[in-house]
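The values are calculated or read from the model by the stated rules, or taken from the named source; none is laboratory data. Computed from a predicted model, the values in this text were never measured in an experiment. Here the Cβ positions follow ideal geometry from the backbone for every residue, glycine too, while neighbour counts run over all protein chains shown.
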Amino acid sequence: MTSGTEHELMSLLRGELAAEEARELRARLRREPELAADYRRLEQTWNRLELPPPSPVPPGFTGRIMARVRSERASGSLSWSSAPNWVRATAAASLLAGALLGIGVGRSWPAADASPTPEGAIAGLKVSSGEDLSLAAGYWKLIVESTTGGETEARP
Amino acid sequence: MATESVTAAAVDPGWEALAKVAAGNADAFAPLVESHQERLLRLCERLLGDAEEARDAAQDVFLKAYRKAADVRPQGQVYTWLYRIAVNHCLNKLRRRKLVRFLRLDAPGDEDSPTFDPLDRAADPASNLEARRRWQATRQAIGKLPENQRSVLVLVRFEGLSYRQVAEVLGITEGAVESRLVRAMRRLEAAQEAESSRVSSAEGKR
């Protein structure tokens, strides 16, 4: 049986064929026993498909749904899940644009290429009056001591 | 086609209810739930094969519809739109179920053959048993279908939708509906033949 005929038989079974086409196919079924056997097999398979009757709607079903609807409305008409699609799309696009901008700025930032040195770190902590921050210097000493086991003399 | 959609939108009062919901009147959603809950529960039950899970799924579907009320464009019938949400939701649940079973290393035969306890409407215990056997066989055969064929078969065979309606629900062409249905029928035919030979050989051994 060709695929086209199989589709036609299925459509005939489902009542999806136009009246003229259905008439022609029925005439073919009378003339061609093999095709008629195919149709009977298809019909049998179709009719043997049975499912149990559906369960009835449980009592209070609408009420439960409406309670969820009201609680959702009360808990956040501004919630992310209840936001319209256009709001979510705009927010997602803004996030993406922000992230791309951040990456671009980060790459072009001159300070990003400078390798950090202890001098630079301390210099960066100088206050406007030109005095060293004693707390920063103390921390630096602790870091150097812990990484070298206290053998190297700490920088001021 | 466009005229048909406009006419359908004008006829179906559900779109008007959804417009009220979108405008902030949540209570306008209740009549919509009332009028569609039966068919949505039935669809979820037939796709999932479990009444309890279907109730949860149908509730989730209505909640999703409520959230989407502001975005929806009135086109066709409201139930088509609701069916689309329901089919997608149930197929996602089935995918998750498959994943959970895979992670639990369940036997492949257990997949998609949930136990269910249909209503006992047959008076005769023997015919009741026979009906249960047929239901179980159908359930298992449907459960083994690829999901795109399963949704088409359930919508056409058990929901009685036309090819055009199924195409609208699933967002595919009528030709695709037809092809999926024919492929599903071939698989089901093979499954039914295998089941018949299994039954005959079991009876022959007795």
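On the basis of being more than 15 Å from A:Ile65 (Cα to Cα), surrounded by 17 or more Cβ atoms within 10 Å (Cβ to Cβ) and either more than 8 Å from chain A (Cβ to nearest Cβ) or modelled with pLDDT under 95 (or both), does B:Gly49 make the cut? Outline the logic, then answer.
Values: more than 15 Å from A:Ile65 (Cα to Cα): yes; surrounded by 17 or more Cβ atoms within 10 Å (Cβ to Cβ): yes; either more than 8 Å from chain A (Cβ to nearest Cβ) or modelled with pLDDT under 95 (or both): yes.
When the stated conditions are applied, B:Gly49 passes them.
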Matching residues in the stretch B:121-172 (more than 18 Å from B:Ile85 (Cα to Cα) and of a type in the set (Val, Ile, Thr)) number 2
The number of residues in the stretch B:121-172 that are within 13 Å of the chain's Cα centre (by Cα), within 11 Å of chain A (Cβ to nearest Cβ) and small (Gly, Ala, Ser) is 1
Looking across the stretch B:61-75 at residues that are in a helix (DSSP H, G or I) and within 9 Å of chain A (Cβ to nearest Cβ), the single one that is surrounded by the most Cβ atoms within 10 Å (Cβ to Cβ) is B:Phe62
- request: Determine if the stretch B:19-42 includes at least one residue that is surrounded by 14 or more Cβ atoms within 10 Å (Cβ to Cβ), on the phi > 0 side of the Ramachandran plot and either within 13 Å of chain A (Cβ to nearest Cβ) or at pLDDT 95 or above (or both).
  value: no
Of the residues in the stretch A:33-57, those that are surrounded by 13 or more Cβ atoms within 10 Å (Cβ to Cβ) and small (Gly, Ala, Ser) come to A:Ala36, A:Ser55
Scanning the stretch B:130-187 for residues that are free of Cβ contacts under 8 Å to residues at least 60 places away in the same chain, outside any helix (DSSP H, G or I), surrounded by fewer than 19 Cβ atoms within 10 Å (Cβ to Cβ) and in contact with a Lys or Arg (Cβ under 9 Å, 6 or more places away or on another chain) gives B:Lys144, B:Pro146, B:Ser162, B:Ile172
Contact list, first residue from the stretch A:43-62 and within 7 Å of chain B (Cβ to nearest Cβ), second anywhere and exposed (fewer than 13 other Cβ atoms within 10 Å of the Cβ), beta-carbon distance below 8 Å, six or more apart or interchain, is A:Pro52/B:Leu119; A:Pro53/B:Leu119; A:Pro53/B:Arg121; A:Ser55/B:Leu119
Margin query: Please determine whether any residue of the stretch B:189-197 is away from chain A (no Cβ under 13 Å) and either modelled with pLDDT under 85 or under 30 Å from A:Leu12 (Cα atoms) (or both).
Written below: yes
